Amino acid sequence: MLSSKRILLIITGGIAAYKSLDLIRKLRAAGAAVTPVLTDSAKEFVTPLSVAALAGEKVHSELFDLTSEAEMGHIELSRSADLILVAPATADMMAKMAQGSADDLASTLILATDTPVLIAPSMNVRMWEHSATQRNLRQLQADGVKIFGPDAGDMACGEFGPGRMSEPVDILTAVQMHFTRGPLTGQRVLVTSGPTHEPIDPVRYIANRSSGRQGSAIAQALVNQGAEVVFISGPAAADPPLGAQIKRVETALEMAQAVEQALPCNIAIFVAAVADYRVELPGAEKIKKQAGGLSTLSFVENPDILASVAQRRDNRPDLVIGFAAETEALEKNAQAKRMRKGCDWLLANDVSAKTGIMGGDENAILCIEQAGVDQWPRASKAQVAERLVQKIIDHVEKASTAHG
Ligand code: C5P
């Protein structure tokens, strides 16, 4: 799938550099040629010899390397690549890229080209969450750099949270998706999915029966049509889509924040079953039932993420799609909900227990838009996703004809 593609792989100095060796093997097995570049600090983690042996090509690392300059200048080195992949990308490398600094071979290569750049960040969770890194991240996104990951989980430093470099198999899929062309290529699409968990105390939470299957199916169908998908999911059982940028959250407030960070985008689809309320003051310790604390919980309303995006003046996506799970008076309630939320399309479904839809394999949609109401036949969640994505493709093509 990657045959005839040349990837310039920049390895920077993070503990995840060891995973880049596996990434090189996977890229080559998929048919890509890999030109490896190591920063000085990367050499503290992996040796040029092992990188060169796996890539089957010479490692580049010196900015002023006379032999290399005679053979192929550093400008040519980056311009001859189809994609520059920075994996792992340390906080320092992200800062340099955001600044446009060019004080070593890796940063110079990135600055000297208009070849697309994809980075897989890797760092300690505090470094990732630091406002400076988040500022650099936003700058890189605005500059058109594609960001993949990081994942959340146990870290080599013993802490837990977002910051781990994504797994090589997932980075490979992201690279393959980068080269996938389809009718949605160039469209950045945000999808929320799954339930949210609202803590009562450190061990208890309020949740709902959403499995995340419909959201995953929609995101996967979008990726398959060439879209760049940001998938923001609560704790769901369904497999996440391959080739999407995945952000995991727990609560509605975290989901709202992740959505804000993912804007701007062209299309936003809100499939998540967000909890309407959260516990006002979750217990710092497990609440004792003898003390009666559980019978007197007070709740505050969560932000309505869909409505806030659909009604914003700046950065409103061109197309905002909501879902509505109803158990009675489906069409009437859904019509009113579309108006109240301000979304363009509302896909309503009957989730009363008799339908088996919530948490099940199938869905039956009533698609509501200004132009009218369309009843879709009951079908698998994958088929519903295909149908929705085809409708989105038709809409995007119609809009581009109208503008062009
Ligand atoms: O009002 P209701 O929860 O039925 O609305 C459902 C739609 O609104 C879904 O698209 C859901 O993802 C979205 N929603 C949201 N934030 C909330 C509640 C619902 O984005 N707090």
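The values are calculated or read from the model by the stated rules, or taken from the named source; none is laboratory data. Computed from a predicted model, the values in this text were never measured in an experiment. Note that we place each Cβ from the backbone using ideal geometry, even for glycine, and neighbour counts take in every protein chain shown.
If I filter region 94-114 for residues that are of a type in the set (D, E, K, R), crowded, with 18+ Cβ neighbours inside 10 Å, at negative phi and part of a helix (DSSP H, G or I), do I get at least one hit?
Taking region 94-114 as the starting set, the residues that turn out to be of a type in the set (D, E, K, R) are 96, 103-104, 114.
Now narrow it down to the ones that are crowded, with 18+ Cβ neighbours inside 10 Å: 96, 104.
Subset that is at negative phi: 96, 104.
Those left that are additionally part of a helix (DSSP H, G or I): 96.
Scanning region 94-114 turns up at least one residue that is of a type in the set (D, E, K, R), crowded, with 18+ Cβ neighbours inside 10 Å, at negative phi and part of a helix (DSSP H, G or I).
A252 fails exactly one of the following numbered conditions: (1) small (G, A, S); (2) touching a residue at least 12 places away in the same chain (Cβ under 8 Å); (3) away from the ligand (no atom under 13 Å from the Cβ). What is the number of that condition?
So the condition that A252 fails would be (3).
Quick one: which of M155, M123, M177 is more than 22 Å from L38 (Cα to Cα), surrounded by 14 or more Cβ atoms within 10 Å (Cβ to Cβ), among the aliphatic types (A, V, I, L, M) and in contact (Cβ under 8 Å) with a residue 40 or more places away in the chain? Before the answer, list the steps.
Values: M155 fails: in contact (Cβ under 8 Å) with a residue 40 or more places away in the chain; M123 fails: more than 22 Å from L38 (Cα to Cα).
Step by step, each of M155, M123, M177 is checked, and only M177 is more than 22 Å from L38 (Cα to Cα), surrounded by 14 or more Cβ atoms within 10 Å (Cβ to Cβ), among the aliphatic types (A, V, I, L, M) and in contact (Cβ under 8 Å) with a residue 40 or more places away in the chain.
Somewhere in region 284-300, is a residue modelled with pLDDT of 90 or more, surrounded by 13 or more Cβ atoms within 10 Å (Cβ to Cβ) and within 16 Å of the ligand (Cβ to nearest atom)?
yes
For region 66-79, state whether one or more residues are of a type in the set (S, T, N, Q) and modelled with pLDDT of 90 or more.
Step one: list which residues in region 66-79 are of a type in the set (S, T, N, Q), which gives 67-68, 78.
From the residues that got through so far, the ones that are modelled with pLDDT of 90 or more too are none.
No, every residue in region 66-79 fails to be of a type in the set (S, T, N, Q) and modelled with pLDDT of 90 or more.
How about region 27-56: which of its residues are in contact with a Ser or Thr (Cβ under 6 Å, 6 or more places away or on another chain) and either farther than 13 Å from A87 by Cβ or assigned to a helix (DSSP H, G or I) (or both)?
Here is the first cut: in region 27-56, the ones in contact with a Ser or Thr (Cβ under 6 Å, 6 or more places away or on another chain) are 31, 38-39, 42.
Listed by number, the residues that qualify are G31, A42.
Every residue in region 207-222 that is buried (at least 23 other Cβ atoms within 10 Å of the Cβ) and either over 24 Å from F179 (Cα atoms) or of a type in the set (A, V, I, L, M, F, W, C) (or both), please.
S210, G212, R213, Q214, A217, I218, A219, A221, L222
With respect to L118, is the statement that it is surrounded by fewer than 22 Cβ atoms within 10 Å (Cβ to Cβ), in contact (Cβ under 8 Å) with a residue 12 or more places away in the chain and assigned to a helix (DSSP H, G or I) true?
Values: surrounded by fewer than 22 Cβ atoms within 10 Å (Cβ to Cβ): yes; in contact (Cβ under 8 Å) with a residue 12 or more places away in the chain: yes; assigned to a helix (DSSP H, G or I): no.
Spelling it out, it is not the case that L118 is surrounded by fewer than 22 Cβ atoms within 10 Å (Cβ to Cβ), in contact (Cβ under 8 Å) with a residue 12 or more places away in the chain and assigned to a helix (DSSP H, G or I).
Checking the conditions here, which among N363, N315 is in contact with a Pro (Cβ under 7 Å, 6 or more places away or on another chain) and within 30 Å of S400 (Cβ to Cβ)? Explain how you work it out, then say what you get.
Numbers: N363 fails: in contact with a Pro (Cβ under 7 Å, 6 or more places away or on another chain).
N315 is the lone residue from the list that is in contact with a Pro (Cβ under 7 Å, 6 or more places away or on another chain) and within 30 Å of S400 (Cβ to Cβ).
Among the residues of region 330-349, which ones are within 13 Å of the ligand (Cβ to nearest atom) and either free of Cβ contacts under 8 Å to residues at least 12 places away in the same chain or in contact with a Cys (Cβ under 7 Å, 6 or more places away or on another chain) (or both)?
Of everything in region 330-349, those that are within 13 Å of the ligand (Cβ to nearest atom) and either free of Cβ contacts under 8 Å to residues at least 12 places away in the same chain or in contact with a Cys (Cβ under 7 Å, 6 or more places away or on another chain) (or both) turn out to be A336, M339, W345, L347.
This table checks each residue for (1) within 27 Å of S352 (Cα to Cα); (2) away from the ligand (no atom under 14 Å from the Cβ); (3) surrounded by fewer than 16 Cβ atoms within 10 Å (Cβ to Cβ).
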| position | (1), (2), (3) |
| --- | --- |
| P199 | yes, yes, yes |
| Y205 | yes, yes, no |
| N224 | no, yes, no |
| R278 | yes, no, no |
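Any residue in region 271-288 that's without any contact (Cβ under 8 Å) to a residue 24 or more places away in the chain: show its pairings with residues that are among the aliphatic types (A, V, I, L, M) and in a loop (DSSP other than H, G, I, E, B) at Cβ separation under 8 Å, as long as the two are six or more apart or on different chains.
E280/L297
So which residues in region 235-247 are within 16 Å of the ligand (Cβ to nearest atom) and either of a type in the set (F, W, Y) or in contact with a helix residue (DSSP H, G or I) (Cβ under 9 Å, 6 or more places away or on another chain) (or both)?
As a first pass, look at region 235-247 and keep what is within 16 Å of the ligand (Cβ to nearest atom): 235-236, 238, 247.
Listed by number, the residues that qualify are A236, A238, K247.
Please go through region 308-327 and give me each residue that is more than 7 Å from the ligand (Cβ to nearest atom) and not in a loop (DSSP other than H, G, I, E, B), ordered by number.
We begin by selecting, within region 308-327, every residue more than 7 Å from the ligand (Cβ to nearest atom); these are 308-321, 326-327.
If the condition is that a residue be more than 7 Å from the ligand (Cβ to nearest atom) and not in a loop (DSSP other than H, G, I, E, B), then S308, V309, A310, L319, V320, I321, E326 are the ones that fit.
If I ask for residues that are surrounded by fewer than 19 Cβ atoms within 10 Å (Cβ to Cβ), more than 13 Å from the ligand (Cβ to nearest atom) and either closer than 15 Å to P195 by Cβ or modelled with pLDDT of 90 or more (or both), which ones from region 255-276 would you list?
L263, P264, N266
So S352 fits all but one of (1) within 27 Å of V189 (Cβ to Cβ); (2) of a type in the set (S, T, N, Q); (3) more than 13 Å from the ligand (Cβ to nearest atom); what number is the exception?
Tallying (1) within 27 Å of V189 (Cβ to Cβ); (2) of a type in the set (S, T, N, Q); (3) more than 13 Å from the ligand (Cβ to nearest atom), S352 fails exactly one: (1).
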